[in-house]
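Here the structure comes first, spelled out in structure tokens, and everything after it is commentary.
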There are 2 protein chains.
Amino acid sequence: MNANILIVKEGSITSPQGFVAGVTYAGIKKKAKAVLDLGILFSEVPCTAAALFTDNQIKAAPVLVSQKKVQSGHARAVIVNSGCANACTGEKGLADAERTAELAARALGIPPEDVLVASTGVIGVALPMPEVESGISKLALSVDSGHDLARAIMTTDTRPKEIAVSVKTGNVEYTIAGIAKGAGMIHPNMATMLSFLTTDAAVEKGYLKSALKAAVNDSFNMISVDGDTSTNDTIVILANGKAGNPPIDVGTEESRIFQQALNQVCLFLARSIARDGEGATRLIEVTVNGAASTGDARMAARTIVTSPLVKTAVHGCDPNWGRIIAAAGRSGAKVVEKLADVYIGDKCLLKSGMPLAFNKKEIADILNRSEVPIRVELNQGQGAAIAWGCDLSEEYVVINSEYTT
Amino acid sequence: MNANILIVKEGSITSPQGFVAGVTYAGIKKKAKAVLDLGILFSEVPCTAAALFTDNQIKAAPVLVSQKKVQSGHARAVIVNSGCANACTGEKGLADAERTAELAARALGIPPEDVLVASTGVIGVALPMPEVESGISKLALSVDSGHDLARAIMTTDTRPKEIAVSVKTGNVEYTIAGIAKGAGMIHPNMATMLSFLTTDAAVEKGYLKSALKAAVNDSFNMISVDGDTSTNDTIVILANGKAGNPPIDVGTEESRIFQQALNQVCLFLARSIARDGEGATRLIEVTVNGAASTGDARMAARTIVTSPLVKTAVHGCDPNWGRIIAAAGRSGAKVVEKLADVYIGDKCLLKSGMPLAFNKKEIADILNRSEVPIRVELNQGQGAAIAWGCDLSEEYVVINSEYTT
């Protein structure tokens, strides 16, 4: 089967048919620069739904509430706020998250079990419920508010992250779209990261969950900004079937194409989060090949991209490749020095454990690119993985030294 | 048995009887500010010896060479350079490390198998052997050079780290002394850290190794500057018996006292390394109590003290305690939100998973102390551990962006 997957120009989370969004400034963010802090995503018709959440043992109230709701495999709306994580807020936090979903459900005229809830912001502060309540009453739904929803979920993000792709295959045509926020507390295994995905394709709920897991595994789970996993990570996909295709199920040619398109959406959003890490000036892409296993390749790639010494070296355009192989060596992956090669861009700096002479200026120029490719060949086996991160700048420290105060 | 353990005023690595040191500038460090870069530690009589090394799979040549030599349980000297790690240097690196030991052995008139070797500095650069050779020929041994040896091993350290304690027990009197260097690539499980310890006590070689392991486990293995484990970590203890005591062996009252004194030396040096982390302005001490196991307590304490978000919050005196409990939650230790308490200093900010009101100014003042105490009570069991680290400042990024260039 021939399939075309094309990026939709000016696409947003509401590009798939039947999805609308609403946003407002409710007053949850206190700072003057805050413009939007509350948003809603809604499908005009019922959807199959799947979601993944943080693996931190400290889970925010909205995570616990949404986790329970989404077990049904159905949902139609997500209410989301920035500026307050509603984490470490005990029973009151849970009640507030439930209440937020109820208020949104009432406004939308749907049952509360169809409304998921997500929050991002400071930990340990209660949601200001009067502001949430009056904010929800102000939300006006529109197909034009997709771009605004991408903005409403931002915290220290410097730009919105959004994409839509259209899939044409046989006589079926559908769209998959997504938004994400990241910036800090970003680390493999779901970070302070919210991502919402929509599609007008009809998708079986069982398959939708496995497709989401597969896509997240090689995208959101392979990015790191600072090694800190958050309490609030949430990724949700809603599939409303408006495209009129027969529901896509596991093991079919259609599912292969759907997976490919979903991967593309997740990969774009994950890379966008890494590139826009707090204080970041560059995207770092670390490829590890020839590992003893895929698990080893993932460990090594993630450890390298998380290393503060690698990140500062990239920031300073310093060709200090020893930090790359040292990070691989402590990652837990099997590393044999005599077999290992290290590349920055296409330049080999370490071959079979021996340093090669190189032109410092040439390597510094590669490290100064907006995307910095680093590659380690372990020559142990067939395991391969790619991880994404960003450089570590003085600005990261400045941002994080004065977050709550 | 009554024992007195006293810190020796102005003590150095040569405070124990029979130890001398020599230092020089050999030209291994290229920068103008470099004063010393080569040093030797020597015992006038044979010693029992024990050592521990990095667990990074990429081990520097001097680590591989010393690891082999110290298996005998004996050594009399250590030759150490700063400015070049001699790591990722292949067969030539091994030959250079062996040759360095031979040159030192010849100068000292002892067999090369009695000389350990250690290096710290940039990875992937060969030792400049002509400089090493002429440097060794210039080394003049003296009991007065102990303080200088503490300086010769420094890289980005801002101050030397040294201590000597004297032990008086019954009619025996001996001294244990040590020096250490740290600053960057510092992480639990032996960091870019060199530490050399001496004692004039007589100690059985088998017991010496187990005593060293026990002391390091709760000191050097519980510190972190940046989460990066180095290729060169080495800690060596030489015991020359000059004090004339009957050799201390395992399971005796004397061993209990020796362990106590050795712990004190290692703890002081480890804390000094954490306090002097690259760019650090403050020491962070994280205590975790009530963990399900000691292993859990260690994991949680180390994860909290390594978290860039906790480190930047301390740097900015920002009472963002949510980052502390979030780090515990992702550490792998068992954490139940409803049972967890978080303290900064003696102020409880989270009690049984619920935030308590606090005075921001008061907490900011605690975070501004030169030593910042953070405590998490997990209320799961009896596991307890303490870890040390430092705040993360803009200066860390500056230092590490321009290390090799």
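Suppose we filter B:Thr24, B:Thr54 for residues that are hydroxyl-bearing (Ser, Thr, Tyr) and open to solvent by less than 10 Å² (accessible area, probe 1.4 Å); which single one remains? Give the steps one after another, and end with the answer.
Details: B:Thr24 fails: open to solvent by less than 10 Å² (accessible area, probe 1.4 Å).
Selected residue: B:Thr54, the only one of B:Thr24, B:Thr54 that is hydroxyl-bearing (Ser, Thr, Tyr) and open to solvent by less than 10 Å² (accessible area, probe 1.4 Å).
Per-residue answers, yes or no, for (1) open to solvent by 10 Å² or more (accessible area, probe 1.4 Å); (2) at pLDDT 95 or above; (3) more than 23 Å from A:Gly182 (Cα to Cα):
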residue: A:Lys69; (1), (2), (3): yes, yes, yes
residue: A:Ser72; (1), (2), (3): yes, yes, yes
residue: A:Arg76; (1), (2), (3): yes, yes, yes
residue: A:Gly124; (1), (2), (3): yes, no, no
residue: A:Ser137; (1), (2), (3): yes, yes, yes
residue: A:Lys161; (1), (2), (3): no, no, no
Requested in this report: Name every residue in the stretch B:236-251 that is under 14 Å from B:Ala177 (Cα atoms) and of a type in the set (A, V, I, L, M, F, W, C), in order of residue number.
Outcome: B:Val236, B:Ile237, B:Leu238, B:Ala239, B:Ala243
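Consider the stretch B:33-51. How many of its residues are surrounded by fewer than 19 Cβ atoms within 10 Å (Cβ to Cβ) and either charged (D, E, K, R) or more than 23 Å from B:Ala201 (Cβ to Cβ) (or both)? Show your work before the answer.
Residues of the stretch B:33-51 that are surrounded by fewer than 19 Cβ atoms within 10 Å (Cβ to Cβ), as a first pass: B:33-35, B:44-46.
The next check asks that each one be either charged (D, E, K, R) or more than 23 Å from B:Ala201 (Cβ to Cβ) (or both); those that pass are B:33-35, B:44.
Qualifying residue count, the stretch B:33-51: 4.
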Requested in this report: Could you grab the pairs with beta carbons closer than 7 Å, sequence gap of 6+ or different chains, first residue in the stretch B:223-235 and on the phi > 0 side of the Ramachandran plot, second one open to solvent by 10 Å² or more (accessible area, probe 1.4 Å) and at pLDDT 70 or above?
Outcome: B:Gly227/A:Pro308; B:Gly227/B:Thr306
Requested in this report: Consider A:Thr281 carefully, then state whether it is under 21 Å from the mean Cα position of the chain (by Cα), open to solvent by 10 Å² or more (accessible area, probe 1.4 Å), within 12 Å of chain B (Cβ to nearest Cβ) and more than 27 Å from A:Ile7 (Cβ to Cβ).
Outcome: no
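Considering each of B:Asp148, B:Asp157, B:Asp144 in turn, give the residue that is acidic (Asp, Glu) and in a loop (DSSP other than H, G, I, E, B). If you could, list the steps in order and put the result at the bottom.
Values: B:Asp148 fails: in a loop (DSSP other than H, G, I, E, B); B:Asp144 fails: in a loop (DSSP other than H, G, I, E, B).
After applying the criteria, what remains is B:Asp157.
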Report task. Within the stretch A:164-180, track down each residue that is open to solvent by less than 10 Å² (accessible area, probe 1.4 Å) and hydrophobic (A, V, I, L, M, F, W, C). Result -> A:Ala164, A:Val165, A:Val167, A:Ile176, A:Ala177, A:Ile179, A:Ala180
Query raised in the report: Hey, among the residues in the stretch A:333-355 that are open to solvent by 10 Å² or more (accessible area, probe 1.4 Å), within 30 Å of the chain's Cα centre (by Cα) and more than 9 Å from chain B (Cβ to nearest Cβ), which one's nearest to B:Ala87 (Cα to Cα)?
Result: A:Tyr343
Report summary line: For the stretch A:82-115 the number of residues that are closer than 25 Å to B:Trp321 by Cα, touching a residue at least 60 places away in the same chain (Cβ under 8 Å) and either of a type outside the set (S, T, N, Q) or open to solvent by 10 Å² or more (accessible area, probe 1.4 Å) (or both) is 4
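Filter the stretch A:356-405 down to residues that are under 21 Å from A:Asp157 (Cβ atoms), aromatic (Phe, Trp, Tyr) and either more than 10 Å from chain B (Cβ to nearest Cβ) or surrounded by fewer than 21 Cβ atoms within 10 Å (Cβ to Cβ) (or both), then give me how many there are. Don't jump to the end; show me each part of the working.
Step one: filter the stretch A:356-405 for residues under 21 Å from A:Asp157 (Cβ atoms), giving A:370-372, A:387-405.
Retained after the next criterion (residues that are aromatic (Phe, Trp, Tyr)): A:388, A:396, A:403.
Add one more test, that the residue is either more than 10 Å from chain B (Cβ to nearest Cβ) or surrounded by fewer than 21 Cβ atoms within 10 Å (Cβ to Cβ) (or both), and what stays is A:388, A:403.
Looking only at that region, the number is 2.
The values are calculated or read from the model by the stated rules, or taken from the named source; none is laboratory data. Given the structure is predicted, the values throughout are model-derived calculations rather than measurements. We place every Cβ from the backbone using ideal geometry, glycine too, and count neighbours over all the protein chains shown. Please note that ligands, DNA and RNA were not included when accessible areas were found on the heavy atoms of the full protein model with its side chains. Shrake-Rupley method; radii C 1.70, N 1.55, O 1.52, S 1.80 Å.
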